[in-house]
Amino acid sequence: MGAKYSWDAARRRFHVGRNQWISFRHWTDKGYVFCRAEIPLGVCDCCGAKHWNQDAKAIINEVVRREYGQASLALLMRVLINRDC
C-alpha cells in the first residue's frame, strides 16, 4: 500500500499514513495472549509523533479476539490430553 498524506490545517503539519507491524500481549481470564498485527498509523512529519485511528483499534480488538479463541482451544486440548482415563 502506498503512503497516504493528509493536511492538518489547525496545526499546519502533514501526517503520513503507513502500515506498521506491532507485537503485543493482552491479559485475559485465560492468561496472556500474544498477538501480532499490521495496523495503520499516522505519523507527524514535523515531530514524528504516531497516532492510531479507529481502524487500528478495530484490528487490534479482532486480533485479540482471534488469539483468545485459539488460547481457549489450546487449553481445552491440554485438559483433554492430560485427563486421567
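Throughout, read-outs are computed from the coordinates displayed, never taken from laboratory work. These numbers were taken from a predicted model, which means no experiment stands behind them. No Cβ is skipped: glycine too gets one built from the backbone with ideal geometry, and neighbour counts run over all protein chains shown.
Given R₀ = 22 Å, what would the calculated FRET efficiency be for Asn82 paired with Phe34, taking r from the Cβ atoms and rounding to 0.05? Kindly include the intermediate steps, with their values, before the conclusion.
Numbers: r = 22 Å, r/R0 = 1.01.
It comes to 0.50.
Say R0 is 25 Å: what FRET efficiency, to the nearest 0.05, do Asn53 and Trp21 get from their beta-carbon distance?
After rounding, the FRET efficiency stands at 0.90.
Using the Cβ atoms and a cut-off under 9 Å, what net charge is assigned to the surroundings of Phe34, where Lys and Arg are +1 and Asp and Glu are -1?
After counting each charged neighbour, the total is +1.
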